[in-house]
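Right, one structure below, let's go through it.
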Protein chains: 4
Amino acid sequence: MTETSLVDSETVERLLTTPAYHRWLGLELVRAAPGEVEIAMDCRDELTADVDGSYVHGGILATLLDVAGDFALVTELGVGLPTIDLRVDYLRPARPGDRLLAVGTVVRRGRSLGVADAVVTNGDGKKLAVARGLYSTAAA
Amino acid sequence: MTETSLVDSETVERLLTTPAYHRWLGLELVRAAPGEVEIAMDCRDELTADVDGSYVHGGILATLLDVAGDFALVTELGVGLPTIDLRVDYLRPARPGDRLLAVGTVVRRGRSLGVADAVVTNGDGKKLAVARGLYSTAAA
Amino acid sequence: MTETSLVDSETVERLLTTPAYHRWLGLELVRAAPGEVEIAMDCRDELTADVDGSYVHGGILATLLDVAGDFALVTELGVGLPTIDLRVDYLRPARPGDRLLAVGTVVRRGRSLGVADAVVTNGDGKKLAVARGLYSTAAA
Amino acid sequence: MTETSLVDSETVERLLTTPAYHRWLGLELVRAAPGEVEIAMDCRDELTADVDGSYVHGGILATLLDVAGDFALVTELGVGLPTIDLRVDYLRPARPGDRLLAVGTVVRRGRSLGVADAVVTNGDGKKLAVARGLYSTAAA
């Protein structure tokens, strides 16, 4: 598709790293290709969900997975897309100190709707969580 | 059930407001009853997801919904529960400045698994997002 | 809304009971009101999923829940709607001989998308499964 | 894992083709390997969901996806597993006359819970629907 080649990595990176909450999380663009994206982030202590600070909040993983799915479509469409729904499966907890890698992949890109998958792994390459999201491509 | 009466609001509030990420979000316990909980939070500018800072990140709503579903079960079990999976439907964007109210309700509490629903509304009472989560009750 | 009053029960019933697979399942319209519908079906032995024929296939419950969510929107829109995605939680097995009652309720009806909830209970009023579906309202 | 080699294709096929509803659907085992399974079925006219009989009921796809995910785990565990929850994304309608192929793959197999993915394609190799399910492995 012609239009997918128009989205350069600089645009994807700017859209990823400018929003306030993305900056607070420290999201980094590792790689962008048409329909696929890799994003990294480091788990700080202030992201923990329990009284003992032993594991990272599932909402952080959900956020990272949502962003990865969204940006898989961004690589083809060049604009951020509203998430319509998101489903997350938690497989193993993330720990403070973990460097997380999220890979997002387009499953289907339609004129009004897009589906994308996302996987988060830790530094050992263990899958921590997987997600599938539905995004609105109508505004793109 | 006898054991549900053992979880007092102080315990629920301590579990809610002690974790680092919950404190950063500013989660507040509004009300706790057996199988139901209400949690509030204010949307700061640093929670926004777009370049213009016009709307709050969906991952924040996912986090709040996850916590509300989890704490609906906490009111009956007295300990935080691992989320197994979570499904979020986004209905309307949250805006910076919004005060969000999340209501979590137990759908089913089994010996090893619990299902809970959660709804987030804004100050006008508009539904912004709904979720359903599956939680592990085995450790409780 | 004016248009919701235009969908009479006869139209809803015809849309429900004409399709071939609905007839094979024996779906019956119990009640239709704007945004809400009740559908019944009897569980025959040929719907079982295990070697011993002891429980009804989860796919049957998924189908009934999907239809209930869809027809909650049909009561307002007067046409069948494509399901975009569906999420089912199984709480208890249905048994051959059970008479199932499915209640579908509109969560949100937008111009292009609708969200509906559905619950299936058995004759004892026990919840067997719950679902939430996203439907395309664009063609309505 | 030693135990995965104990599940021979005959056992998988017997578990797949004996249940009454599976027989009615005409499910066929195409291939079974540890953690992966392929299942085929033909779409008869009586599986249609609309008044015109133009497309196959989404509940049929949901059933096929559920079975494919379940049997991906059956190839490793040798017994049918209860579905805890299932999430289906519909991408394109199936038509009467289509021969469907469902591939199920294990995402994670734990002691009490298993996650599996499933994809249904038609004879042209087009993806019609994808799903992710959570299954109870506790009884296996």
Hits among aspartates and glutamates - C-alpha to C-alpha of residue A:127 under 12 Å, sequence gap 8 or more where chains match: A:89
State the residue of chain B whose Cβ is nearest the axis carrying B onto C, and the distance in whole angstrom. B:87, 2
Going by how many other beta carbons lie within 10 Å of each one, how would you line up C:29, C:86, fewest first? C:29, C:86
Can you tell me the relative contact order of region D:11-125? Whole percent, Cα pairs under 8 Å, sequence separation 6 or more. 28
Can you work out ³J(HN,Hα) from phi for every residue in region D:132-140, in order, using Karplus 6.51 cos²θ - 1.76 cosθ + 1.60 and θ = phi - 60°, giving whole Hz and x for Gly and Pro? 9, x, 10, 10, 7, 9, 5, 7, 6
Given the options A:53, A:84, A:107, identify the residue whose Cα lies farthest towards the positive end of the charge dipole of region A:52-140 (+1 on Cβ of Lys, Arg; -1 on Cβ of Asp, Glu). A:107
Range of Cα positions in region D:16-69 per principal axis (Å), largest first: 41, 18, 14
Copies of residue D:112 compared via label points 7 Å along Cα→Cβ give distances in nm, shortest first, of 0.6, 4.2, 4.2
Percent of all Cα-Cα pairs per 5 Å bin for region C:98-140, counting from 0 up to the last occupied bin, reads 6, 22, 24, 16, 13, 10, 7, 2
Can you give the direction-averaged projected area of the convex hull of the alpha-carbon atoms in region B:16-140, in nm²? 7.0
Test item: Cα-centred dipole of chain C, Lys/Arg +1 and Asp/Glu -1 on Cβ, debye: 320
Give a residue-ordered list of calculated ³J(HN,Hα) values for region B:102-114 (Karplus: 6.51 cos²θ - 1.76 cosθ + 1.60, θ = phi - 60°; whole Hz; x for Gly, Pro). 10, 10, x, 9, 6, 8, 7, 10, x, 5, 10, 9, x
Please state, rounded to one decimal and in Å, the Kirkwood hydrodynamic radius that the protein assembly as shown gives when every pair of distinct Cα atoms enters the mean of 1/r. 23.8
Which distances in nm, rounded to one decimal and ordered from shortest, link the label point of residue C:31 to the equivalent label points in the other identical copies, with labels set 7 Å from Cα toward Cβ? 2.6, 5.1, 5.6
If the only charges are +1 at each Lys and Arg Cβ and -1 at each Asp and Glu Cβ, what is the size of the charge dipole of the protein assembly as shown around the Cα centre, to the nearest 20 debye? 0
Could you calculate the FRET efficiency of residue D:42 with residue B:10 from 1/(1 + (r/R0)^6), where r is the beta carbon distance between them and R0 is 60 Å, rounded to 0.05? 0.45
State, to one decimal in nm and shortest first, how far the label point of residue A:10 sits from each corresponding label point in the other identical copies (label point: 7 angstrom along Cα-to-Cβ). 6.0, 6.7, 6.7
Highest GNM mean-square fluctuation among C:91, C:81, C:16, for chain C with Cα springs under 10 Å, belongs to C:91
Report the FRET efficiency, 1/(1 + (r/R0)^6), for residue C:108 and residue A:52, where r is their Cβ-Cβ distance and R0 is 41 Å, rounded to 0.05. 0.60
Distance-filtered residues of region B:94-118 - backbone nitrogen under 11 Å, label point 7 angstrom along residue C:126 Cα→Cβ: none
For region D:3-136, whose charge dipole is built from +1 on Lys and Arg Cβ atoms and -1 on Asp and Glu Cβ atoms, the candidate among D:12, D:39, D:65 with its Cα farthest towards the positive end is D:65
Search the structure for amide H atoms under 5 Å from the amide H of residue A:84, placed 1.01 Å from N in the peptide plane, and list their residues when 5 or more places away or on another chain. A:134, A:135, A:136
Neighbour-count order for C:45, A:124, fewest beta carbons within 10 angstrom listed first: A:124, C:45
Within 10 Å of each Cβ of A:46-54, how many other protein chain Cβ atoms are there on average? 5
Compute the acute angle (0 to 90°) between the alpha-carbon long axis of helix A:58-77 and the principal axis of greatest extent of the alpha-carbon atoms of chain A; round to the nearest 10°. 20
What list of ³J(HN,Hα) values in whole Hz, one per residue of region D:94-100 in order, does the Karplus curve 6.51 cos²θ - 1.76 cosθ + 1.60 (θ = phi - 60°) give from phi, with Gly and Pro shown as x? 8, 10, x, x, 5, 9, 9
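Since every read-out is calculated from the coordinates, none of them should be taken as a lab result. Here the structure is a predicted model, which means the values were calculated and not measured. A quick note on method: Cβ atoms are made from the backbone with ideal geometry, for glycine too, and the neighbour counts reach across all protein chains shown.
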